[in-house]
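Following: one structure in structure tokens, then a few remarks.
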Amino acid sequence: MSAATTRSRTPDRLCAEAVDLARAAAEEAAAPGVIGEHTGLVSEGDRVVTHFFECKELGYRGWRWAVTVARASRAKIVTLDEVVLLPGPDALLAPEWVPWSERLRPGDLGPGDLLPTDQDDLRLEPGYTGDEEPPPNSVVSEEMRELAEAEDADVTPGTPAVQPATPSRGTIASVAEELGLRRARVLSRYGLRIAADRWEEEFGPKSPMAQAAPATCVSCGFLARIGGSLGQAFGVCANEFSPADGRVVSLSYGCGGHSEAAVMPKPPQPAAPVIDETRVDPFPLRPARDSGSVPETGDDETAELGHS
């Protein structure tokens, strides 16, 4: 540890003894009767000490008045530096401010509430535009043709008659298994209808949330489409702040979390300052002799007019 560090941690004697000066400064800055006992001091540096006084003002439990005094080098007079009210170790503080976008939690959105989305929301991307679709009657590239032929080629050489087993490729069962449709039973029309009635009753157009929504789910970017015949009337909500997150919703349902209901624009960029307030313009204390509108005259000219 250096000698300078040791000196800075040791309070200056004259500054440490200036408790009355610090108290008088705190009482002048604060309201009458709110300055309490002297609770300690701390060395801020060479010949700089901060005194702490208890704050008795209501609503500031654990706060303390901090009065900083200083002394010039080789001087015996202690001067006042600053007076400020600071929170102590056990002070009652307000919680840290959190933006609304981080405070919002799933389930907070109610009927009539509107949840704006950022213009650059990472959860959304431009929809289908048709730019990536190949033009009609386009010729398949040579690489794609070779891949298609390699995929259709037989793994075992020879004709099917000489192969050890009859290939199952091309049968209805193999196609169904490849598509994931090899099930013993599927939903009937009645099963589809009662399921649609249940989903539409909970997340349909007649719900209070949908009645107060600015738009329907059919135009929302958070809607995940489903296949089958039910996909013509239903989808899955993928907005974590929506009350229907992860649920099957009707395309005519809606909530305040619609992706296009209220798009927040980008914050405007401030223009460049017209006046540079950081530059210092020097001004002379006395005007120059040739700065006026009247030309300067010499002593010889004034003498001719009778002036002394």
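The values are calculated or read from the model by the stated rules, or taken from the named source; none is laboratory data. The shown structure was predicted, so the numbers you read here are calculated from the model rather than taken from an experiment. So basically every Cβ, Gly included, is an ideal-geometry build from the backbone, and we count neighbours across all protein chains shown. All accessible areas refer to the heavy atoms of the entire protein, side chains included, with ligands and DNA or RNA removed. Shrake-Rupley method; radii C 1.70, N 1.55, O 1.52, S 1.80 Å.
Here are some notes:
- When residues of the stretch 9-34 are limited to those that are assigned to a loop (DSSP other than H, G, I, E, B) and within 22 Å of Asp46 (Cβ to Cβ), the one farthest from the chain's Cα centre (by Cα): Glu17
- Residue count for the stretch 229-244 satisfying the condition of being open to solvent by less than 50 Å² (accessible area, probe 1.4 Å) and assigned to a loop (DSSP other than H, G, I, E, B): 5.
- Residue check: Gly204 meets all listed conditions (1) surrounded by fewer than 18 Cβ atoms within 10 Å (Cβ to Cβ); (2) more than 30 Å from Glu102 (Cβ to Cβ) but one, namely (1).
- Scanning the stretch 123-130 finds one or more residues that are within 20 Å of the chain's Cα centre (by Cα) and loosely packed, with under 14 Cβ neighbours inside 10 Å.
- All positions within the stretch 64-83 that are part of a strand (DSSP E or B) and open to solvent by 50 Å² or more (accessible area, probe 1.4 Å): Arg64, Thr79, Leu80, Asp81, Glu82
- Selection count where residues are among the small types (Gly, Ala, Ser) and either in a helix (DSSP H, G or I) or under 17 Å from the mean Cα position of the chain (by Cα) (or both), scope the stretch 94-122: 1
- Scan the stretch 245-263 for residues that are open to solvent by 30 Å² or more (accessible area, probe 1.4 Å) and either among the aromatic types (Phe, Trp, Tyr) or farther than 16 Å from Leu104 by Cα (or both) and the total you get is 7.
- Of residues in the stretch 8-63 being over 19 Å from Asp81 (Cα atoms) and of a type in the set (A, V, I, L, M, F, W, C), the one surrounded by the fewest Cβ atoms within 10 Å (Cβ to Cβ): Leu58
- Residue within the stretch 90-108 that is loosely packed, with under 13 Cβ neighbours inside 10 Å and touching a Lys or Arg at 6+ places or on another chain (Cβ under 7 Å) present: yes
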